[in-house]
Amino acid sequence: MTRRTFFLPALSGLAGCLRPRRRRLNVFNWSNYTARQTLPRFERETGIEVRLGVYESDEEMLARVLSGNSGWDVAFPSNYYIGPMRDLGLLARLDHRRLSRLDALEARFARPSWDPGLDHCVPLYWGSSGILANPQLAPVPEAYSSLWDPLYARRITMLDDPAEVYGAALKKLGRPLNASAPADLQAAHTEALRQKPLLRAYLNAEARDLMVAGELAACQTWATTAQQAISSAPHLRYVYPEDGFALYADCAVILRESRRKDLASLFLDYLLRADVAAEIAAETFTATAIAGVRKLLPEPVARMETLFPSEETLRRGEWFEPLPAAAQRLRDRLWTELKSA
Amino acid sequence: MTGRLRTLALAPAATLLALTVGAPFLILAAYACLSRGVYGGVMPPWTLENWQRLADPLYAGILARSFLVAALSTLLCLLLAFPLALYIARSTRRKNLLLALVMLPFWTSLLVRTWAWMFLLRDTGLVNMLLMKAGLISAPLPLLYNWGAVVLGLVYAHLPFMVLPLYAALERQDPALAEAAADLGAREWQAFWRVTLPLAAPGIRAGVLLTFIPCLGTFLIPDLLGGGRTILVGTFIQNQFTTARDWPFGSAVSLALMAVVLVLLWAEVRRRKEPLL
């Protein structure tokens, strides 16, 4: 390397430091909510640089932002984390004058039970958990109660998540998904204990590959994960259990600690844009909360029952709610007992 | 070396240890005596409740099972590693190559290697496929998501930690000692049993410590290869800091685990009346 070729990049590097710094926004998101062009297009249009961090669970996200100086500006908690995060003082109040497209939300997300005034969150994506089945291996279980049938012994998995496993047990018992009385949790635990010998394992994302490989007859899973499996193995079928199932919505929030709330508002408004939402839905197989977007999706995606259940099916679904502290503690203990059994 | 120079040279390591071991230890100790925040974190008042919960047979059972699994894995590691270390120590030409092969797995992340085991052990994995093709079995064997898979994963991951200290101890042994034993009429196995093995004791102790303690605390391997059906103390502690969001209890369990290991080490030192390692 001659001295000049070394000198020039060094000089331009120095100039880069002297130039006013680009405006940057730190976005903490689930791994599957950005399409390839989502962030580059935003950066081109606004000149704002986006740093994306991803997480795999609400707990992980909460543990990081709990300190109040995590450095993140925008996050995407599930609906049942909005209340607790608001009570902990972690969420900024949204400035509706800066969110021009809020009225694009579907009716049921315009006044959601967890934040009726949309004061702290914008619901953007939603989905369900249910059963993914392989009709080639065994009769399709149409209800959660079927997953207690010895017919499926060692050929099924449940999610590795106390809310989902006990939720399924509560639906089998015909009780509300969010039942939190000690007697309800104990009853659900007894059912889960009875089911454990029939299970191959408690798995989250790994179940997808086992279903595609034909190693499992059925598994409890999220609709998005199920759709990914179905796209590579079309004979698989996603079932909305007859005895009921869980629904969740992931919502964009601006953290109170953020020093770039105006940029964050700009980003939220961008995610509310129909073409942006359509691209995300089509590429990542997630249902969008924005009305009219379904029309913009490619035909096969728009017709996916997995992502867009009928109104009739939806009536069997229940939204997860936060658990009272005492119930949370009891459920954690029962979950440890279940795993150790 | 003069006294002042020694202090100066030790200062960076001592500071680093104080910051990375001492401080987190004190934080854990404080957390373990506080109450849980509902959504993670800790809050007042100070309490001993986390320690009282440890007496619950449920948690004692998890601890006991973890010790059993770690002990079994360590024993298997020792049985596999000893002949290998002996072979490498006594081979003349390819010593460095063989040692490099033992270390080779460290070039890849443990996470990736554990996933590789999952692909091997699955129903449609390589092992089951080969056995079925060979006509030895008609249905896939349940190799994954059980205790066998967990122990296999632990042995696989920790084998190098057993081989290296054993090799170091065996390599130092003068081959003339075995020859002398033979001259004095010992058969080969007698020479091994009464000369080679006792002289390798420091290596065995170091290897057992380096294998047993990480086996006890690991959460990645039991979680992935056990399929969430099994719970060991490492997975349990991790769970307290994530899903269960009970940081104080998680801290108390970590400290209890540390205490049990220290007591065992101390008892061993006392028994042998000699310095550790």
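The values are calculated or read from the model by the stated rules, or taken from the named source; none is laboratory data. This is a predicted model, so every value here is computed, not measured. With ideal geometry, Cβ positions are generated from the backbone for all residues, glycine too; neighbour counts draw on all protein chains shown. In case anyone asks, the SASA skips ligands and DNA or RNA and just uses the protein heavy atoms, side chains included. Shrake-Rupley method; radii C 1.70, N 1.55, O 1.52, S 1.80 Å.
For this structure, a couple of remarks:
- Point-to-point label distance, B:E188-B:K273, nm (Cα→Cβ direction, 7 Å offset): 3.8
- Projecting the Cα positions of A:A282, A:S146, A:A187 onto the charge dipole of chain A (unit charges on Cβ atoms of Lys, Arg, Asp and Glu, taken about the Cα centre) puts A:A282 furthest along the positive direction.
- The protein assembly as shown, accessible area per residue, ligands and nucleic acids excluded (1.4 Å, Å²): 49
- Pairwise burial A:B, computed as accessible area of each alone minus the pair, summed, 1.4 Å, Å²: 2800
- Accessible area of A:K261 (1.4 Å probe, protein heavy atoms only, ligands and nucleic acids ignored): about 80 Å².
- Interface residues in the range B:29-43 - accessible area drops by 50 Å² or more relative to the isolated chain, probe 1.4 Å: B:R36, B:Y39
- Label-to-label distance, nm, for residues given as A:A274 and A:E60 (7 Å Cα→Cβ offset): 3.5
- D_trans [Stokes-Einstein, Kirkwood Rh over alpha-carbon pairs] for chain A, 10 °C, 1.306 mPa s, µm² s⁻¹: 73
- For chain B, complete DSSP H runs whose alpha carbons reach 20 Å or more along their own long axis and whose mean Kyte-Doolittle score is 0.5 or higher are B:3-17, B:57-90, B:147-172, B:201-217, B:247-272.
- Three-way shape call for the range B:213-272 based on the alpha-carbon gyration tensor, with the a/c threshold at 1.5: oblate
- Interface residues of the range A:173-202, defined as those with an accessible-area decrease of at least 20 Å² between the chain by itself and the complete set of protein chains (probe 1.4 Å), are A:K196, A:R200, A:A201, A:Y202.
- Distance (nanometres) between label positions extended 7 Å along Cα→Cβ at B:L264 and A:R36: 5.2
- Listed residues B:G148, B:L199, A:Q220: farthest to the positive end of the dipole of the protein assembly as shown (Cβ charges): B:L199
- Here is how the number arises for the protein assembly as shown: DSSP H runs of 4 or more residues each give -39500 (n - 2.57), the sum is divided by the residue count, and the result at 222 nm is -16000 deg cm²/dmol.
- Taking the longest Cα principal axis of chain A as reference, the axis of helix A:261-271 is set at about 60 degrees.
- Computed with every protein chain present, the accessible area of A:H235 is close to 70 Å² [probe 1.4 Å].
- Only Lys, Arg (+1) and Asp, Glu (-1) charged, at Cβ; the protein assembly as shown dipole about Cα centre in debye: 1980
- Solvent accessible area, Å² - B:L126, 1.4 Å probe, full protein context: 100
- Interface residues in the range B:186-234 - accessible area drops by 30 Å² or more relative to the isolated chain, probe 1.4 Å: B:G227, B:G228, B:R229, B:I231
- Relative contact order (%) - criterion: Cα under 8 Å, at least six apart; region: the range B:114-168: 27
- Beta bridges by DSSP in chain A, antiparallel share as percent, to the nearest 5: 60
- Relative to the longest principal axis of the Cα atoms of chain A, helix A:274-284 runs at roughly 50 degrees.
- Surrounding net charge for B:R36, when Lys and Arg each add one and Asp and Glu each subtract one, Cβ distance under 15 Å: +1
- Sum of side-chain charges, A:R36 neighbourhood, beta-carbon under 10 Å (Lys, Arg +1; Asp, Glu -1): -1
- Carbon/sulfur fraction of accessible area - the range B:30-164, other protein chains in place, 1.4 Å, %: 75
- Rounded FRET efficiency, nearest 0.05, which uses the C-beta distance separating A:R303 from A:D262 and R0 of 45 Å: 0.70
- Charge context of A:T46, other residues only, Cβ under 13 angstrom, K/R +1, D/E -1: +2
- Gain in span if fully extended, A:H96 to A:D119, counting 0.36 nm per residue against the direct Cα distance: 7.5 nm
- Overall form of the range A:251-341 per C-alpha gyration tensor (a/c, 1.5; a/b vs b/c): oblate
- Solvent-accessible area assigned to carbon and sulfur over the range B:176-277 amounts to 68 percent, based on a 1.4 Å probe.
- A cut-off of 5 Å between modelled amide H atoms, ignoring neighbours fewer than 5 places along the same chain, links A:E318 with A:F245, A:A246, A:L247.
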